[in-house]
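S.K.: Dropping a structure here in structure tokens format, bear with me for questions.
The values are calculated or read from the model by the stated rules, or taken from the named source; none is laboratory data. From a predicted model like this one, the values you see are computed outputs, not experimental measurements. Note that each Cβ is placed from the backbone with ideal geometry, even for glycine, and that neighbours are counted across all protein chains shown. All accessible areas refer to the heavy atoms of the entire protein, side chains included, with ligands and DNA or RNA removed. Shrake-Rupley method; radii C 1.70, N 1.55, O 1.52, S 1.80 Å.
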Amino acid sequence: MNNTLFGFAAGDTWLHRLSGATKLLAFIGISLIAMASYDTRFTAAIVVMSLVLFKMAHIHWRQIRLVVKLILVFSLLNLLTVYLFSPEYGVSLYGTRHLLAGSGYFTLTQEQLFYELNLALKYVVTVPLALLFLITTNPSEFAASLNKLHLSYKISYAVALSLRYIPDIQHVYHQISQSQQARGYELSKKAGPLHRLRGAAQVLMPLIFSSLDRIETISQAMELRRFGRDKHRSWYMDRPFGAADWAVIAGTGVIIAIGLSLFAVNGGRFFNPFR
């Protein structure tokens, strides 16, 4: 598989050995409190923690560079859009105005920069957590963990198929892209934007049809095996909760409690350094 693709990568770190349900609960809990809080100190601390965990999981840049670049472009466009539509929102939010540059509608203030810094941190904090979850979680083991949490095994299996499909569809996209380039469609940086867009369209349609064909094949195979006939099923990969799982769940609870306590300290969700 091409190195720019991401998905589950087998490993022997303590993060890989955690139950899939534990990682899901930690990911959802920490992401929700990080998105709800506008305390820069708290969000920055979670960013540092996420990067440390990223390093401990032995995840290499080549595994994630494609998705990181895409998210970076999206984040920059979103921050620019926020400024264009409301360049004074930070002023109304923090109640003070420290002008740095500009006049009229387009002004640049410390308050607006601080608000957009908080938005940027929110984008940054969720990316490592999501990638950690995807890369260190075996889809089959994760489905078994969800079923252990009394989620329907049909839903659990659907989630597992979705996680398995992420690297598969990327691999198919890479194969189709190489085939189209061999036929003369230029998709590299050498071509202009219009040529690359035209070439991307030639990749998209075969990708859609191949995906539909694969969905049909999988659904027929599941019907032939009478999937969903019984109320319960056994799992080939089932990881029991261990001491590390309970420690991670407890740590997640502590992080959420700290985030909620900061709401009371700051008098709301926002940390205001301009008071």
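S.K.: Just a yes or no: is a residue in the range 238-247 surrounded by 13 or more Cβ atoms within 10 Å (Cβ to Cβ), farther than 15 Å from Phe42 by Cβ and modelled with pLDDT under 80?
M.R.: Yes; the residues of the range 238-247 include at least one that is surrounded by 13 or more Cβ atoms within 10 Å (Cβ to Cβ), farther than 15 Å from Phe42 by Cβ and modelled with pLDDT under 80.
S.K.: Still on this structure: Sort out which residues of the range 171-196 are modelled with pLDDT of 70 or more and surrounded by 10 or more Cβ atoms within 10 Å (Cβ to Cβ), and write them in order of number.
M.R.: Hits for the range 171-196 are His171, Val172, Tyr173, His174, Gln175, Ile176, Ser177, Gln178, Ser179, Gln180, Gln181.
S.K.: What number of residues in the range 33-48 are touching a residue at least 12 places away in the same chain (Cβ under 8 Å) and surrounded by fewer than 17 Cβ atoms within 10 Å (Cβ to Cβ)? First the steps, then the outcome.
M.R.: The initial filter retains those residues of the range 33-48 that are touching a residue at least 12 places away in the same chain (Cβ under 8 Å), namely 33-44, 46-47.
Narrowing the set further to residues that are surrounded by fewer than 17 Cβ atoms within 10 Å (Cβ to Cβ) leaves 35-36, 40-41, 44.
Total satisfying the criteria: 5.
S.K.: If we scan the range 130-140, do we find a residue that is surrounded by fewer than 16 Cβ atoms within 10 Å (Cβ to Cβ) and closer than 30 Å to Asn78 by Cα?
M.R.: Within the range 130-140, the subset surrounded by fewer than 16 Cβ atoms within 10 Å (Cβ to Cβ) is 130.
Keeping just the survivors that are closer than 30 Å to Asn78 by Cα gives 130.
Yes, the range 130-140 contains a residue that is surrounded by fewer than 16 Cβ atoms within 10 Å (Cβ to Cβ) and closer than 30 Å to Asn78 by Cα.
S.K.: Of the numbered conditions (1) at pLDDT 85 or above; (2) out of contact with any Leu (no Cβ under 7 Å at 6 or more places or on another chain); (3) farther than 27 Å from Ile33 by Cβ; (4) open to solvent by 50 Å² or more (accessible area, probe 1.4 Å), Lys154 fails exactly one; give the number of that condition.
M.R.: Condition (1) is where Lys154 drops out.
S.K.: If you don't mind, there's one more thing I want to ask. Which residues, counting only those in the range 94-114, are modelled with pLDDT under 90 and either acidic (Asp, Glu) or under 17 Å from Met35 (Cα atoms) (or both)?
M.R.: Matches in the range 94-114: Glu111 only.
S.K.: Answer with yes or no whether Asp230 is at pLDDT below 80, exposed (fewer than 13 other Cβ atoms within 10 Å of the Cβ) and part of a loop (DSSP other than H, G, I, E, B). Break it down into steps so the answer makes sense when it comes.
M.R.: Values: at pLDDT below 80: yes; exposed (fewer than 13 other Cβ atoms within 10 Å of the Cβ): yes; part of a loop (DSSP other than H, G, I, E, B): yes.
Here the answer is yes, as Asp230 does meet what is asked.
S.K.: Quickly run through the range 80-92 and pick out the residues that are surrounded by fewer than 16 Cβ atoms within 10 Å (Cβ to Cβ) and in a helix (DSSP H, G or I).
M.R.: Listed by number, the residues that qualify are Leu80, Thr81, Leu84, Phe85, Ser92.
S.K.: Which of (1) open to solvent by 70 Å² or more (accessible area, probe 1.4 Å); (2) under 29 Å from Ala9 (Cβ atoms); (3) modelled with pLDDT of 75 or more; (4) of a type outside the set (S, T, N, Q) does Met222 not meet, given it meets every other one?
M.R.: Answer for Met222: the failing condition is (1).
S.K.: Continuing with the same structure: Just to check your reading of the model, which residue among Phe42, Phe74, Phe27, Phe54 is part of a helix (DSSP H, G or I), touching a Pro at 6+ places or on another chain (Cβ under 7 Å) and of a type in the set (A, V, I, L, M, F, W, C)? If you could, list the steps in order and put the result at the bottom.
M.R.: Values: Phe42 fails: touching a Pro at 6+ places or on another chain (Cβ under 7 Å); Phe74 fails: touching a Pro at 6+ places or on another chain (Cβ under 7 Å); Phe27 fails: touching a Pro at 6+ places or on another chain (Cβ under 7 Å).
That would be Phe54, the only listed residue that is part of a helix (DSSP H, G or I), touching a Pro at 6+ places or on another chain (Cβ under 7 Å) and of a type in the set (A, V, I, L, M, F, W, C).
S.K.: Going through the range 55-78 one residue at a time, which ones are closer than 21 Å to Asn118 by Cα, of a type in the set (A, V, I, L, M, F, W, C) and crowded, with 16+ Cβ neighbours inside 10 Å?
M.R.: Narrowing the range 55-78 to residues closer than 21 Å to Asn118 by Cα: 68-78.
Still in the running and of a type in the set (A, V, I, L, M, F, W, C): 68, 70-74, 76-77.
Within the range 55-78, just Ile71 meets the criteria.
S.K.: Let me ask you something else. Give all pairs with beta carbons closer than 7 Å in which a residue from the range 7-19 that is in contact (Cβ under 8 Å) with a residue 60 or more places away in the chain meets a residue that is open to solvent by less than 20 Å² (accessible area, probe 1.4 Å) and assigned to a loop (DSSP other than H, G, I, E, B); count only pairs at least 6 apart in sequence or on separate chains.
M.R.: Sorted first by the residue in the range 7-19, then by its partner, the pairs are Phe8/Thr137; Gly11/Ala57; Thr13/Ala57; Leu15/Ala57.
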